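Here's the structure, in structure tokens; my notes come after.
The values are calculated or read from the model by the stated rules, or taken from the named source; none is laboratory data. Quantities reported herein were computed from a predicted structural model and do not represent experimental measurements. Every residue, glycine among them, receives a Cβ derived from its backbone with ideal geometry; neighbour counts consider all protein chains shown. To get the accessible areas, we keep the full protein, side chains included, count just its heavy atoms, and leave off ligands, DNA and RNA. Shrake-Rupley method; radii C 1.70, N 1.55, O 1.52, S 1.80 Å.
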Amino acid sequence: MDIPRIAIACQGGGSHAAFAAGVLAELLGAAHRDRFRLLALSGTSGGAVCAALAWSGLLAGGPAEAVRRLEGFWGDLAAASPLDAWLNAWTQLLLAAPITAQASPYAYAPAAEPRLRELLESWVAPAALPAGRAARSRPFLRLGVADVLAGGGTALDGESPFFSLDDIVASAAVPPLFRAVRARGRLWWDGLYAHNPPLRHLLHLPALEGEARPKPDEIWIIRINPRGRIEEPRSVQEIEDRRNEMAGNLPLDQELHLVGMVNRHLAAAPGLGQRFGYRQVTVREVALPLPDLPYQSKLDRSPTHLARLMAAGRAVAPVLFDRESVVVAPEAMPPAAPAS
């Protein structure tokens, strides 16, 4: 049986991205890591953090190091000290209040960014990664960002000589908790406004010297925001929760539609694939199985909350190997014309 070549895309969602860390840690563990060949990782916001942790660990020491970095980062992020736990609890209470006040992040010094940079410096450690484009290209890394001034967005690549912590922080810079982040000469906000997470950037990966361009057979999505809700949202908090979920899902669902459309075109006209370098792709998905978590829990750093999310990720990760995880399937090719 052929081992599928895959790319993994991690959706963002604040603390809920600990779920993605659990999925990645399970997939890269001894029980599953030989069942696929990982070509690329992409992510946005908290998903970008998880993708960067796994990517840097794989480059620096292999799957076990990737798992160590995923677990270590989220363990350090948890509000474990009494003071940090108290501040975390008060944050949750304020976010749950029916009326909240917001201030521009330019009116004060945001506390979230320095702490994020400190943890990323410790656990991604970009300066210690192997030097050179080829050495830093397997797997490839793509981080979703939104262009504040020009609009739209893109995916910053890990093999660029300009890669830095700024790229990861830019992908996670959700206003008004963060100021816009300058990276590679432009100003970026959280990538959820453009690619959450990037998919099409996984379909065209660069070739290393002497090799053909790698193309994934499958893309595996780790979805954080629930697709649907059972009941109509009516309170201010419920409406805000659903608005945030729908906004976070919109870019992903649009890119899923694009992949399905490309599959249909290639099935109808197989020659297009050879001409433009496309191939049909299977897309699989696992979703956070806790659909009723409130919006404020995306900023909850309590150890029990993060541990629950990581455990949920580990539990559902094997579903990606089952048929039920397929959300976009290759289309059947038309029968060959009979010989004249």
Computed about the Cα centre, the charge dipole of the stretch 127-190 from +1 Lys/Arg and -1 Asp/Glu charges at the Cβ has a magnitude in debye, to the nearest 20, of 140 debye
Prolate/oblate/rounded call for the stretch 212-340, Cα gyration tensor, a/c under 1.5 rounded: prolate
Here, ALA80 and ARG243, labelled 7 Å along Cα→Cβ, have an inter-label distance in nm of 3.7 nm
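Ignoring ligands, DNA and RNA, please state the percent of accessible area on the chain from carbon and sulfur, probe 1.4 Å. Can you show the working numbers first?
On the way: 9530 of 16270 Å².
The C+S portion of the solvent-accessible surface of the chain is 59 percent.
Can you give the accessible area per residue of the chain, in Å², using a 1.4 Å probe? Could you put the intermediate results ahead of the total?
Numbers: 16270 Å² over 340 residues.
Per-residue accessible area for the chain comes out at 48 Å².
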Charge dipole (the chain, unit charges on Cβ, about Cα centre) - positive-most of LEU202, LEU266, GLY75: LEU266
What whole number of Å gives the distance from the Cα centroid of the stretch 275-324 to the Cα centroid of the stretch 6-77? 12 Å
On Cα atoms only, tilt of 18-27 relative to the major axis of the chain in degrees: 40 degrees
Output row, site LEU129, 7 Å Cα→C-beta label point, backbone N cut-off 14 Å, window the stretch 25-66, residues 40-43, 48-62, 66
Ordering of 247-253, 138-144 by packing [mean C-beta count within 10 Å, highest first]: 138-144, 247-253
Subtracting the Cα-Cα distance from 0.36 nm times the residue separation, let me have the gained length for ARG35 to PHE276 in nm, one decimal. 83.8 nm
Take every DSSP beta bridge whose two residues both sit in the chain, then give the antiparallel share in percent to the nearest 5. 35 percent
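How much net charge surrounds LEU266 when only other residues with a Cβ under 9 Å from its Cβ are counted (Lys, Arg +1; Asp, Glu -1)?
Values: positive: ARG264, ARG279; negative: GLU331.
Here the charged neighbours net out to +1.
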